[in-house]
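The values are calculated or read from the model by the stated rules, or taken from the named source; none is laboratory data. Note that the structure is predicted; figures quoted are calculated from it, not measured. Here the Cβ positions follow ideal geometry from the backbone for every residue, glycine too, while neighbour counts run over all protein chains shown. The accessibility values were calculated without ligands, DNA or RNA, using every heavy atom of the protein model including side chains. Shrake-Rupley method; radii C 1.70, N 1.55, O 1.52, S 1.80 Å.
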Amino acid sequence: MGDTPKIEETTFYHINYYLYGKAFKGSYQGMRFRLARNPLENVFFKPKEVQDAGTLMATVWPEPFSYENTDDEKKLTKEFPFSEEGKLAAVDWLNEQYESRKEEWDAAKHTDWSSLRK
């Protein structure tokens, strides 16, 4: 990977945000990404052992569509421990995915999607 990370850890919310059953979605240069607790449910007010039972799931896919409107076979997902350390590992993985599949993201970024508009 290059010297400077493309996606910074500060892009994402603190780990407690994901306890509310919310996903963070973003994009970088043709690569879309999502970070969420798995299972995706609000466990903030539940006991710590329930909160700790989940994992942190990172997913990447090519532009232009949202997570919900992209075929599952176009998505790549990896799970990490549900912790700040797991979040840092997920960010590293997202950057690795960007670097290792840069041609794919560039192709998605330069595709004319205007014909898909209604």
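With the requirement that a residue be in contact with a helix residue (DSSP H, G or I) (Cβ under 6 Å, 6 or more places away or on another chain) and among the aromatic types (Phe, Trp, Tyr), what does segment 46-98 give you?
Those that are in contact with a helix residue (DSSP H, G or I) (Cβ under 6 Å, 6 or more places away or on another chain) and among the aromatic types (Phe, Trp, Tyr): Trp61, Phe80.
Can we say Ala53 is of a type in the set (Gly, Ala, Ser) and over 13 Å from the mean Cα position of the chain (by Cα)?
Criteria met by Ala53.
Kindly indicate the residue of segment 93-118 that is free of Cβ contacts under 8 Å to residues at least 12 places away in the same chain and among the acidic types (Asp, Glu) and also surrounded by the fewest Cβ atoms within 10 Å (Cβ to Cβ) among those meeting that condition.
Per the criteria, the residue is Asp112.
Kindly indicate whether any position in segment 63-79 is without any contact (Cβ under 8 Å) to a residue 12 or more places away in the chain, among the aliphatic types (A, V, I, L, M) and either touching a Phe, Trp or Tyr at 6+ places or on another chain (Cβ under 8 Å) or open to solvent by 40 Å² or more (accessible area, probe 1.4 Å) (or both).
Within segment 63-79, none of the residues are without any contact (Cβ under 8 Å) to a residue 12 or more places away in the chain, among the aliphatic types (A, V, I, L, M) and either touching a Phe, Trp or Tyr at 6+ places or on another chain (Cβ under 8 Å) or open to solvent by 40 Å² or more (accessible area, probe 1.4 Å) (or both).
Residue by residue through segment 7-49, note down the ones that are under 20 Å from Glu104 (Cβ atoms) and either in contact with an Asp or Glu (Cβ under 8 Å, 6 or more places away or on another chain) or open to solvent by 70 Å² or more (accessible area, probe 1.4 Å) (or both).
Lys25, Ser27, Gln29, Gly30, Met31, Arg32
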